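Before any comments, here is the structure.
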Amino acid sequence: MLWLIERWVNGPVWVRIISLIAITTLVTLVAWACLIRPQNSVMQQLQTGNRLAAQQIAEVHLKIRQLAPLATPQISSIAPFFSVAEFVGQAQGQLLKWQPDEKQGTLEMLLPWEKLPDSFAQLAEYRVVACHSFTIMPQGELLKLVLAMEFADEP
């Protein structure tokens, strides 16, 4: 092997140049086959995936634009103002405590458990009341409902 290297170094210049060109070409081909070609393939796959995703997004945007705009819920001017006596009466409950303040109030009442969902639906119908928090506790055969409400300014 040492003899081949000496012969190459001491040999004619054209042999060294052709050898270097051949080795450089071989290294370039190996690098292209092992490094560059797989990367190009991966990039082409990613570009194809991006094009498909962009098409799907465009289709979704088109479908969204075709949907009719949803009507914004408007507070009916016929909606009643909050009345504690009416609220407790419709829930068939018993008023334990009503503590109103300027912009909020606390209501404690006993009511049958089957009237609880209807009571919340009724509370949502009032024009200027927002239920801030509530607590439900069993009290014998009835439920004790404690509501902390906020009174919004009328629109």
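Every number in this text was worked out from the coordinates using simple rules, so none of it is lab data. These numbers come from a predicted model, not from an experiment. Here Cβ is always computed from backbone atoms with ideal geometry, including for glycine, and neighbour counts include all displayed protein chains.
In the stretch 2-66, how does Rg compare with the Kirkwood Rh, expressed as the Rg/Rh ratio over alpha carbon atoms?
Numbers: Rg = 25.5 Å, Rh = 16.3 Å.
Ratio of gyration radius to Kirkwood radius: 1.56.
Out of these labelled values of Rg and Dmax of the Cα atoms in Å, (1) 17.7, 67; (2) 40.5, 114; (3) 15.6, 49, which was calculated from the coordinates shown here?
Here the calculated entry is (2).
Rounded to whole Å and ordered largest first, report the semi-axes of the equivalent ellipsoid of the stretch 97-155 derived from its Cα gyration tensor (root of 5λ).
Details: eigenvalues 98, 35, 10 Å².
Largest first, the stretch 97-155 gives 22, 13, 7 Å.
Would you kindly state the longest site-free stretch of the chain, with sites defined as GluC sites (Glu not before Pro) in a DSSP loop (not H, G, I, E, B) surrounded by at most 13 other Cβ atoms within 10 Å?
On the way: sites that count: Glu102, Glu141.
Result for the longest clean stretch: 1-101.
Under 10 Å, Cα contacts only: if you run a Gaussian network model on the chain, which one of Gly89, Gly11, Gly140 comes out with the highest mean-square fluctuation?
With Cα springs under 10 Å in the chain, the top fluctuation among Gly89, Gly11, Gly140 is at Gly11.
I'd like to verify something in the chain: which complete DSSP H helices, judged by Cα projection on the helix axis, reach 15 Å or more and average at least -1.0 on the Kyte-Doolittle scale?
On the way: long enough: 13-31 (27 Å, 2.18); 37-66 (44 Å, -0.77).
Once both thresholds are applied, what remains is 13-31, 37-66.
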